[in-house]
Each structure stands twice: as C-alpha cells, then as structure tokens.
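K.L.:
Can you read through this structure? Questions will come right after.
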Amino acid sequence: MSPSEPAAATGTTSPTTAEARPRVFSGVQPTGDLHLGTYLGALRQWVEHQQDRDSVFCVVDLHALTIPEEIDPQRLREDVRRVMALYLAVGLDPERNVIFAQSHLHEHAELTWLLNCVTPLGWLYRMTQFKAKSEGRESVGTGLLDYPVLQAADILLYDTNVVPVGDDQRQHIELTRDIAVRFNHLFGEVFVLPEAAVPEVGARIMGLDEPTVKMSKSVARQRAGHAVNLLDDERTVRKAIMSAVTDSGREVRFEHASPGVRNLLTILQTLDGRPMDAIVAEFEGKGYGDLKKAVAGVVLDALRPIRERFDAIMAEPGGVDELLAAGAERARAIAAPTLSRVKEAMGVG
Ligand code: AQP
C-alpha cells in the first residue's frame, strides 16, 4: 500500500521543521470493536510507517459522546481499553509511538473552545458527516456539529504534519487546515498546517451486505454480515464474506465490475499486495464463489495473529491501563506547550 503522501506542511513558526521526521497524528473512536475498513483505511498505514515517522495515536473517546442517547458509560470505558489493546495487537509499538486516550488530557477540550471562537458556523454546517449523522434525528446535540473542531484540536495540538485516514475524513482534515489558517491569520503563526494521507487502495471499504455504503461500526452494530470485525471468530468472518452481495454475473473483472465485486477485489488487493491485473488474471474462468474463498483466506490470515495478540494483551492484569497512563504523560509533554502558545497568542491564561 502506498498512501498518497503529502510533503511536510510549510508556512509555520512551529518547532516542527521540514527536515525533522514528519509528525503524524490519527485516532479511532471507541464506539465498538474495529472493523476491516478501519484496519485497511487507517491502522495499517499507521503500523507501516511507525519506523520513519514521529507518531501520536489517540483513542478519541470524547468523540464517542456526540450522540448522548447511545452512551453506555461502563461500555465506553471498556471500549477505550479494547481499542488501545487493538492498537497494540495490530502492531503499534508503545515505545516508538505516543499512544493515549483523548479524555485523559484536558488540553483537547480546552483547545476546542478556543478554536470554536475562530470557526464560522457555516463551515460546520457544510460537513457531509454532520449532515449524514444528523439526518432523521429529532434532536441533534451541539457536540455532533462541533465534532470536527474537536478533531482539529486533536490534530493541531501535536504540530501534526500528516494525518493518515480513510477517504471519509478528507473533508475534516481540510477544515482543520482552514481553521489553522484563519487562526494564524488572526493571531500570528501558531499552528502547523496538516495534510491528510489517504491510501491509494483501501481508503473506502464498503459494507459487505450493501456495497454502496461505507463499512461502518454503527451499521455493523445493527446488521450481522455488514462488516468483518477484527475480533470476529473464523466462522463469522467466513460467513460474512461468503454472503457478500455481488451481482448476477459470473466473470471476475475489475473494470465495470459491480460495487460488491469491486469491494471484494479491493480487500483482496490490499491484503495480497499484487497488482489488480495479476489478481484478476488468477480468476480467469472462475466465479464469484472462488473469489470469496480467496478473500476469506487472506482476511483470516491477517486477522488471526491480531486476535491472538489482542487476547494475550487483555489477559495481562493492569497492562493496558499502565500503557494508557504512560502514553498520556508523553502526550501532555507535547500538547501542553502548544496550548500555552495558543493562549498566549489569544491573550488568555
Ligand atoms: N469503511 C472504511 N474504509 C476505509 N477507512 C475507514 N475508516 C472508517 N471506516 C472505513 C477510517 O478509520 C479511521 C477511524 O474511524 P472511526 O472509527 O474513528 O470513525 P468512523 O469513520 O466514523 O468509523 P465508522 O466505522 O464509520 O464509525 P461510525 O459508524 O460510528 O461512524 C478513520 O481514519 C476512518 O477514515
């Protein structure tokens, strides 16, 4: 996988320079176990580049509060630990990377308020994720609208150059840049301008049961067979993939393929690593059943070691909590000076 790699951001007085290893920030919401889309769109890039980048990864639990009717406090706490354990299980090294939970640092919420004050409301109403998530709801909390400003605070606190994300997050990263530019214009050059790094293949994995919509945790909670979760057992994974929606054709091809077949081929390509032509050639004269078996095979091979490592990590008493506490200390060492710079520039604190 080769993400579309942005150059380090310029036009800033921040301590991060173009010569330094790029600072990376990204995160996942603890709103349930993570699925194959999150892994292929985001987590794999994080692991792949942990050697050559200075990375900060966050379990963004404050983002998980935007729909209060769905909050289960006990489950949320446990989901933070599970997502942390999954970060480690997919291969993130807690020594090499700063890994922590967002709510363990007050700096994220505090910077959000300061950024709220420079963010025009119209910018937030334009966000497609806000439109999609608020659709059909009788009442929408301010948090759902403000979510991208919290995300901007997450990113800007760490003088981030690169934000590795799936395709659905592009608009939020653009908004983060716009907020940073506006702030720098009003108060002086305080923030680094970040850029999204979106993988060329796997940036939008679609639902197996409905391949015209993004594979997502919220749909997966309602419908078995929509997603493959990273911790699903082998039988469940095989069942979801073998039941994936395709079309009435038989021939496996990528050009002009239906969304379901395209999705399966994309999953196969991201995990298999060969060019699409070579993969399609392998299926000459074969049907969708063979394609699904091949997809199930590569997915199971990828998930087996993740599940085993996850079980081992969760079995260690106190291990995850200690790592979260240590990660919060290291994160604070970067975030606190940034927040001080912002407050100084705005004349508060
Ligand atoms: N289907 C996907 N394909 C590729 N990348 C994806 N990502 C999420 N779904 C896909 C990327 O994973 C990262 C973490 O996402 P998140 O869990 O914090 O938020 P999300 O995008 O809102 O994930 P979901 O599954 O869609 O959750 P719900 O349903 O709760 O909103 C991001 O980089 C995202 O791009």
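Bear in mind that the values in this text are calculations on the coordinates, not laboratory data. The shown structure was predicted, so the numbers you read here are calculated from the model rather than taken from an experiment. Note that each Cβ is placed from the backbone with ideal geometry, even for glycine, and that neighbours are counted across all protein chains shown.
K.L.:
Shape of region 142-225 from its Cα gyration tensor (a ≥ b ≥ c, root eigenvalues): rounded if a/c is under 1.5, otherwise prolate when a/b > b/c, or oblate? Don't jump to the answer; show the numbers that get you there.
P.N.:
Details: a/c = 3.48, a/b = 2.09, b/c = 1.67.
Taking the square roots of the gyration eigenvalues as a ≥ b ≥ c, region 142-225 is prolate.
K.L.:
While we're here: Could you work out the relative contact order of region 217-314? I mean the mean sequence separation of Cα pairs under 8 Å and 6+ apart, divided by the number of residues, in percent. Present the calculation step by step, with values, prior to reporting the outcome.
P.N.:
Details: 88 pairs, mean separation 28.9, N = 98.
Relative contact order, region 217-314: 30 percent.
K.L.:
Spin-label point model (7 Å from Cα, Cβ direction): what's the Glu78 to Gln222 distance in nm?
P.N.:
Distance between the two pseudo-spin positions: 2.4 nm.
K.L.:
Tell me, what is the FRET efficiency for Gln129 and His106 to the nearest 0.05, using R0 = 35 angstrom and their Cβ-Cβ distance as r? Spell out each step's value before the answer.
P.N.:
Numbers: r = 25 Å, r/R0 = 0.73.
Computed FRET efficiency for Gln129 and His106: 0.85.
K.L.:
Once you have the Cα-Cα distance between Asp301 and Glu316, take 0.36 nm times their residue separation minus that, and quote the gain in nm to one decimal. Display every interim value, and only then the final one.
P.N.:
Numbers: separation 15, 0.36 × 15 = 5.40 nm, distance 2.45 nm.
Extra length from Asp301 to Glu316 when fully extended: 3.0 nm.
K.L.:
Sticking with this structure for a sec: Put a dot 7 Å past each Cα toward the Cβ at Gln51 and Met346; how far apart are the dots in nm?
P.N.:
Those two pseudo-labels are separated by 4.1 nm.
K.L.:
Only Lys, Arg, Asp and Glu count, each charged at its Cβ (+1, +1, -1, -1), so figure out the dipole size of the chain about its Cα centre, rounded to 20 debye.
P.N.:
Working: 38 positive and 49 negative charges, 98 e Å.
Dipole size: approximately 480 debye.
K.L.:
Could you derive backbone 3J(HN,Hα) for region 209-216 from the dihedral phi with the Karplus parameters 6.51, -1.76 and 1.60 (θ = phi - 60°), listing whole Hz in sequence and x where the residue is Gly or Pro?
P.N.:
My calculation for region 209-216 gives 8, 8, x, 9, 10, 4, 4, 9 Hz in order.
K.L.:
Taking the Cβ-Cβ separation of Arg235 and Cys117 as r and a Förster radius of 51 Å, what is the calculated FRET efficiency to the nearest 0.05? Can you show the working numbers first?
P.N.:
Numbers: r = 52 Å, r/R0 = 1.02.
It comes out at approximately 0.45.
K.L.:
Listed here are the pairs Lys217/Lys343; Lys217/Lys292; Lys214/Lys239; Lys133/Lys239; Lys131/Lys293; which of them are more than 31 Å apart at the Cα? Let's see the in-between values first.
P.N.:
On the way: Lys217/Lys343 36 Å; Lys217/Lys292 22 Å; Lys214/Lys239 19 Å; Lys133/Lys239 29 Å; Lys131/Lys293 37 Å.
Correct reply: Lys217/Lys343; Lys131/Lys293.
K.L.:
While we're looking at this one, here's another question. If I take R0 = 22 Å and measure r between the Cβ atoms of Arg170 and Phe254 in this structure, what FRET efficiency does the formula 1/(1 + (r/R0)^6) give, to the nearest 0.05?
P.N.:
Details: r = 23 Å, r/R0 = 1.06.
Computed FRET efficiency for Arg170 and Phe254: 0.40.
K.L.:
Can you tell me, using C-alpha contacts under 8 Å and at least 6 residues apart, the relative contact order of the chain as a whole percent?
P.N.:
Details: 572 pairs, mean separation 82.7, N = 349.
Relative contact order here is 24 percent.
K.L.:
Provide Rg and Dmax in Å for the chain, with only Cα atoms included in the calculation.
P.N.:
Using the Cα atoms of the chain, the pair Rg, Dmax is 20.7, 70 Å.
K.L.:
Which whole-angstrom value gives the distance between the alpha carbon centres of region 143-167 and region 185-205?
P.N.:
First find each Cα centre; the distance between them is then 8 Å.
K.L.:
About its Cα centre, how strong a charge dipole does region 72-116 have in debye, to the nearest 20, once Lys and Arg get +1 and Asp and Glu get -1 at the Cβ? Spell out each step's value before the answer.
P.N.:
On the way: 5 positive and 7 negative charges, 31 e Å.
Dipole magnitude for region 72-116 comes out near 140 debye.
K.L.:
Something else now. So how compact is region 217-314: Cα radius of gyration and Dmax in angstrom?
P.N.:
Just the Cα atoms of region 217-314 yield Rg and Dmax of 14.2, 45 Å.
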